Amino acid sequence: MSAIDAFTKMHSEIALVITDVVMPLLDGRELMKRIAEIDPQTRFLTVSGYSRYSEKSDDVKPDYFLQKPFNADELLAMVRRIIDNKKALHGR
């Protein structure tokens, strides 16, 4: 099952999509574009080893960016901040 197939089936249960910018079969930009077509409210955390995220004009913009290298604690802290922010915005 591909990430897009999984998202299609379970998108109502997914609070955040984490993707790398560079991936072998489908790059992060294309993945975000396809997922946003399924659910435009999806939030994205993009990670990359490049010095910064360079956007193309037709890109779906990530909500958050995390520079590699990072450790597990930094990733978990970022995810926690994103999830808590959503709860605050939606009054949950």
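Among THR42, THR8, THR19, rank each residue by its count of other Cβ atoms within 10 Å, from fewest to most, as a rough exposure measure. Display every interim value, and only then the final one.
Working: THR42 18, THR8 14, THR19 21.
If I rank by nearby Cβ atoms, fewest first, I get THR8, THR42, THR19.
May I ask you to evaluate 6.51 cos²θ - 1.76 cosθ + 1.60, the Karplus curve with θ = phi - 60°, for each residue of the range 40-46 and list the ³J(HN,Hα) values in order in whole Hz, giving x for glycine and proline?
Values per residue, Gly and Pro as x: x, 8, 4, 9, 10, 10, 9 Hz.
How are the alpha carbon pair distances in the range 9-48 distributed across 10 Å bins from zero to the largest one, expressed in percent?
Values per bin, smallest distances first: 31, 56, 13.
With the crude spin-label approximation of a point 7 Å out along Cα→Cβ, what separation in nm comes out for ALA36 versus LYS68?
Modelled inter-label distance: 2.2 nm.
Taking the number of other C-beta atoms within 10 Å as the exposure measure, put MET32, MET78, MET10, MET23 in order starting with the fewest. List each step's numbers first, then the result.
Numbers: MET32 21, MET78 18, MET10 9, MET23 13.
So the residues, fewest neighbours to most, are MET10, MET23, MET78, MET32.
No value in this document is a laboratory result; all are computed from the given coordinates. If you're wondering where the values come from, they're calculated on a predicted model, not measured in any experiment. Heads up, the Cβs are rebuilt from the backbone with ideal geometry, glycines too, and the neighbour counts pull from every protein chain shown.
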